[in-house]
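Enquirer: The structure is given below, and queries will be raised subsequently.
The values are calculated or read from the model by the stated rules, or taken from the named source; none is laboratory data. Here the structure is a predicted model, which means the values were calculated and not measured. In this analysis, Cβ positions are derived from the backbone assuming ideal geometry, glycine residues included, and neighbour counts consider all displayed protein chains. With ligands, DNA and RNA removed, areas are computed over all heavy atoms of the protein, side chains included. Shrake-Rupley method; radii C 1.70, N 1.55, O 1.52, S 1.80 Å.
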Amino acid sequence: QVQLVEAGGCLVQPGGSLRLSCTASRITFSEYDMNWYRQAPGQQRELVASVTPGSITKYADSLEGRFTISRDNAKKSVYLQMNSLKPEDTVVYSCNARWRVTPLDFWGQGTQVTVSS
C-alpha cells in the first residue's frame, strides 16, 4: 500500500533547530510534488513548504526564511530543515505527496513538533 512516514518531530527549545523527514514507499516518488503542511487546533491546514520534482521550492510568507525544504528522489524522501524555532511553530507537521496529473493526494500520519523552554 502507498505509505508516507514522517520522522524527526520532538521537543526543542525556542531558537533551536530541527530536521523533519518523510519517506515514501510504493509510489513513483519523482513524479510528485512534495509538500509539508501544518495545522494548529481549530485552524485551517497551512501549507508550509513545497518542492516540485525539479526541486523548485515555495514557502509560506510567515516563515520569514527560517525553513528549507529539499528532496532526494533516490531515497524517496523529502526534508524540512527548521531553524530559529518559535513557540508558534508547535504543531503537527504532515507530509503530502500530490500528483498534478490527477487530483490524488497521499498523506503521512504527521509528526509532532513542540517548541518550549
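Enquirer: Can you pull out the cysteines in the chain that have no other Cys Cβ under 4.7 Å?
Expert: CYS10
Enquirer: I've got another one for you. What aspartates and glutamates could a cross-link reach from LYS86, if we take a straight Cα to Cα line under 17 Å and drop same-chain neighbours fewer than 8 places away?
Expert: GLU46, ASP61, GLU64
Enquirer: Spin-label point model (7 Å from Cα, Cβ direction): what's the ILE27 to LEU47 distance in nm?
Expert: 1.5
Enquirer: Might you tell me the accessible area per residue for the chain, computed with a 1.4 Å probe and given in Å²?
Expert: Working: 6510 Å² over 117 residues.
That works out to 56 Å² per residue.
Enquirer: Right, something else. When the Karplus curve 6.51 cos²θ - 1.76 cosθ + 1.60 is applied with θ = phi - 60°, which whole-Hz ³J(HN,Hα) does each residue of the stretch 97-112 get, with x for Gly and Pro?
Expert: 10, 10, 9, 6, 5, 9, x, 10, 10, 10, 10, x, 7, x, 9, 7
Enquirer: Relative contact order for the chain using alpha-carbon pairs under 8 Å, separation at least 6, rounded to a whole percent?
Expert: Details: 281 pairs, mean separation 42.3, N = 117.
36 percent.
Enquirer: Can you give me the % of accessible surface on the stretch 42-117 that is carbon or sulfur? Probe 1.4 Å, all protein chains present, nothing else counted. Show your work: numbers first, answer last.
Expert: Values: 2150 of 4380 Å².
Ligands and nucleic acids excluded, carbon and sulfur reach 49 percent.
Enquirer: Determine which lysines satisfy two conditions relative to LYS58: a Cα distance under 20 Å, and not lying fewer than 8 residues away in the same chain.
Expert: The qualifying lysines are LYS76.
Enquirer: Mind grabbing the accessible area of MET82 for me, 1.4 Å probe, Å², rounded to tens?
Expert: Approximately 0 Å² of MET82 is accessible to the 1.4 Å probe.
Enquirer: Given points 7 Å out from each Cα along the Cα-Cβ axis, report the THR57 to SER117 separation in nanometres with one decimal.
Expert: 2.9
Enquirer: If you don't mind, there's one more thing I want to ask. Does the stretch 3-93 come out rounded, prolate or oblate by the C-alpha gyration tensor, with a ≥ b ≥ c the root eigenvalues, rounded set by a/c under 1.5 and, if not, prolate when a/b is larger than b/c and oblate if not? Present the calculation step by step, with values, prior to reporting the outcome.
Expert: Values: a/c = 1.71, a/b = 1.64, b/c = 1.04.
Prolate, since a/c reaches 1.5 and a/b exceeds b/c.
Enquirer: Going from the alpha-carbon gyration tensor of the stretch 1-51, what semi-axes, largest first and in whole Å, does one get by taking the root of 5 times each eigenvalue?
Expert: 23, 15, 11
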